[in-house]
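To keep things clear, I will list the structure first and then write my remarks on it.
The values are calculated or read from the model by the stated rules, or taken from the named source; none is laboratory data. If you're wondering where the values come from, they're calculated on a predicted model, not measured in any experiment. Cβ coordinates were reconstructed from backbone atoms using ideal geometry, including for glycine residues, and neighbour counts include every protein chain displayed. Note: accessible area is taken over every heavy atom of the protein model, side chains too, but ligands, DNA and RNA are not part of it. Shrake-Rupley method; radii C 1.70, N 1.55, O 1.52, S 1.80 Å.
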Amino acid sequence: MENDANYSDKEDHEDELDEETTKIQEPLLSITNTKGGFKTIPFILANEAFEKLASSGLGPNMIIYLMSEYNMSMTTASNFIFIWSAATTFFPILGAIIADSYLGRFTMIAVGSLVSLLGMILLWLTTIIQQSRPSHCDQQQFITDSDDNNNCEFPSIPQIIFLCIAFGLMSIGAGGTRSSSLAFGTDQLQTDHRLKTPGALASYFSWYYASSAFSIIVAITLIVYIQDNIGWTVGFGVPVVLMFISTVFFFSASRLYVKRKPKPSLIVGLFQVVAASYKNRHIKMMSTHDYYCHKDQLVPSESFGFLNKACVIKDRELDLTSEGEALDPWCLCTVEQVEELKSLIKVFPLWSTGIMLCVIINQGSFRVIQAAAMDRHVSSTFEIPPGSFGVFMVISVILWIGLYDRVILPLASKIMGKPAHMTAKTRMGVGLFLSFITIATTALVESFRRAKPPTVKMSAMWLIPQNCLAGLAEALNMIGQNEFYISEFPDSMASIASTLTGVGWSVGSLLASFILSSVDIATKKKDGTESWVSSDINKGHYDYYCWLLSGLSLVNLMYFVICSRSYGPCKGQGLSR
């Protein structure tokens, strides 16, 4: 009987072990069979890489396309591209808000991919349908011969509208894909606890940026070469095919994706603070005020005190629900929301210093025209396309990032005998200084080019240093900005930190358009004197224009020093000014 009892106890114990084993195995099986995970990442990376390849292949030669096929002057075509660039960098910010608050990231990327594809198809049709463009004029006329376009037909209003629709759809589409692609991949990794480690996320980020960089390099070389040597129809048709492949890749894994539901956006919360502080502007602030917060006894700081009115509870019964939540978030905000807005306002002056750098980097259209007027031959049979010189900028960015982490910092640490680190504000400042050197170098090269006899073309290899300097300036300043925002903002504002540089690019593109138009109006006289930014690069004075930009860049550098000192020390070790 005792043996029977022992056997029974043993059997019961084994049953308990089987139940426990089943409980452990079930979540593991669910993790293995669940949606998301690394199996979805190749589709997301392919969508981003092919979209970047398609869109980047259209940009470099666009100035030549608009001037040669639409008979636009240099100023008009450049302004067109500046506005397109501003829209393309702004819409991802708007797309992020819509995706987070209303549509969700999957829907946003899906819509963005389809809209981008439609925009590229319309742009491609402008190369096929003759009626969509004015009568053709010789391309070289717009680079070396004439500025007035008197012998050329201007595009009609319907032709301009059709072109604007194509560009607008591409910008809106870019806003859909670029706003959510990186975060959507993170959503897939968050479904598996084994993939939430920093190593897995770092690997995903590395592959994401590496694929984007590789796509840009291929676009500025191969696609630009096709446009120059085969024609616009094939050259613009290739991006259409690439965008179609990008869309197919994304939708082919639709059933595998994790599709998180949208939630209120933090950016909307910042607007709520502004609205609530305005509605409560008549409140007299007192030390006895009861503040609405999610943490006990949290009191708003004294800086920007007028915003504190947004979190004052006037009447608990009228302002709060029975659960203690605000009845109207547009009339009552938390102390946390108020402090988040204050931190954003505090970094605004330093953020604004990056706008001028964007103006300098955005002079790509001029660099293409400059290259077209120079000797681009590498050998007797091959010459570099004008739009491909931007590849040196991308390569310098990649090389700098690799050398800084793997060579420069370890070597500096060894020499100094302690860990070396370039602070975020130092990176920003050095980047601004290099942007000044970049545009000054551009002015010098253009001065030397103009000094050459008309029959002698200067080697376009002289453009390589300024492109490399521009890449270094962008890498240092933009990485510094991102590090600065992330270190200064609370963790809840990480998404906003990642969008601020995009806002800067958008504003910089609009400012670049304003400066160019102002220079064109101010320097083009009624007596027939050519504008500094004439479509004929030999009759204009782009060297004067670049010297003007270098002067503005130098003033901006001094403005940065003032803002940096006024801001004071940064948060975190190694981030002080």
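Couple of notes before you dig in:
- By the rule of a second cysteine Cβ within less than 4.7 angstrom, the chain holds isolated cysteines at Cys164, Cys293, Cys311, Cys331, Cys333, Cys358, Cys468, Cys546, Cys563, Cys570.
- Among the trypsin sites (Lys or Arg not before Pro) found in region 383-451, not one is both in a DSSP coil and sparsely packed, with 13 or fewer other Cβ atoms within 10 Å of its Cβ.
- Region 390-494, Cα convex hull volume normalised per residue, Å³: 127 Å³
- Taking amide H as placed 1.01 Å from N in the peptide plane, the amide H of Arg376 sits under 5 Å from that of Ala460, each at least 5 places away or on another chain.
- Loop-located trypsin sites (Lys or Arg not before Pro) in region 279-347 (DSSP state not H, G, I, E or B) with no more than 15 neighbouring Cβ atoms inside 10 Å: Arg281, Lys284, Lys295, Lys314.
- Förster-model FRET efficiency, 45 Å R0, Ile408 and Thr107, C-beta, rounded to 0.05: 0.55
- Per residue accessible area in Å² of the chain, where ligands, DNA and RNA are left out and the probe is 1.4 Å: 49 Å²
- Region 431-486 shape via C-alpha gyration tensor axes, a/c threshold 1.5: prolate
- Cα point-scatterer Debye curve for the chain, base-10 log of I(q)/I(0) at q = 0.05 Å⁻¹: -0.27
- From the alpha carbon centroid of region 300-320 to that of region 247-276 is 29 Å.
- Region 258-416: C-alpha gyration tensor shape, a/c 1.5 cut-off, then a/b vs b/c: prolate
- Mean ellipticity per residue at 222 nm, deg cm²/dmol - from DSSP H runs of n ≥ 4 across the chain, formula -39500 (n - 2.57): -21500 deg cm²/dmol
- Cross-linked pairs Lys342/Lys425; Lys284/Lys346; Lys39/Lys414; Lys309/Lys346; Lys279/Lys425; Lys39/Lys346: Cα-Cα separations exceed 30 Å for Lys39/Lys414; Lys279/Lys425; Lys39/Lys346.
- Relative to the Cα centre, the charge distribution of the chain, modelled as +1 at Lys and Arg Cβ and -1 at Asp and Glu Cβ, gives a dipole magnitude of about 2400 debye.
- Contact order for the chain, expressed relative to its length and based on alpha carbon pairs under 8 Å spaced 6+ residues apart, stands at 20 percent.
- Under 5 Å from the amide H of Val533 lie the amide H atoms of His541, each residue being 5 or more positions distant or on a separate chain, with H modelled from the backbone and absent for Pro and chain starts.
- Three-way shape label, region 463-516, alpha-carbon gyration tensor, a/c 1.5: oblate
- Percent accessible area from carbon and sulfur atoms, the chain, protein chains only, probe 1.4 Å: 65 percent
- Cα-based helix-to-principal-axis angle, 335-352 vs the chain, degrees rounded to 10: 20 degrees
- Rg over Rh, two decimals, region 235-274 (C-alpha only, Kirkwood Rh): 1.31
- Range in the chain, longest, excluding exposed GluC sites (Glu not before Pro) [loop by DSSP; at most 10 other beta-carbon atoms within 10 Å]: 1-301
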